[in-house]
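*Asks:* Mind having a look at this structure? Questions to follow.
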Amino acid sequence: MCLYLTDVEMSDSNGETYVPQSSSSRDTKRRKRRWSDDEKHLLLDTFGSSITAKTMPTGKAICAFASKLPTRTIAQIRTQLHNIITGKVTL
């Protein structure tokens, strides 16, 4: 007799089945927060040449900048830069 587990069920070393809990990264929900004027000015001062050239800065440059804004993730910074370059957000 073969026992097939569904996609959400797992089997432990004792052969018992269980449903794994979701990861903690999915449990933490971040609230959307507007970009402050100080954050925008810092972004413009650092990446002004890339913004005027309409090119995305390198990942290393964004990672280095992320240390200046501890309240923003790298993904948030990259998205904000992309939105500025494509014209979805104005400074």
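The values are calculated or read from the model by the stated rules, or taken from the named source; none is laboratory data. All of these numbers come straight from a predicted model, not from anything done at the bench.
*Asks:* Considering each of Ser50, Ser13, Ser22, Ser67 in turn, give the residue that is modelled with pLDDT of 95 or more and at negative phi.
*Replies:* Ser50
*Asks:* For the range 71-91, give me each residue that is in a loop (DSSP other than H, G, I, E, B) and either farther than 15 Å from Arg34 by Cα or among the aromatic types (Phe, Trp, Tyr) (or both). Spell out the reasoning first.
*Replies:* Initial filter on the range 71-91 (in a loop (DSSP other than H, G, I, E, B)): 71-73, 87-91.
Of everything in the range 71-91, just one residue is in a loop (DSSP other than H, G, I, E, B) and either farther than 15 Å from Arg34 by Cα or among the aromatic types (Phe, Trp, Tyr) (or both), namely Gly87.
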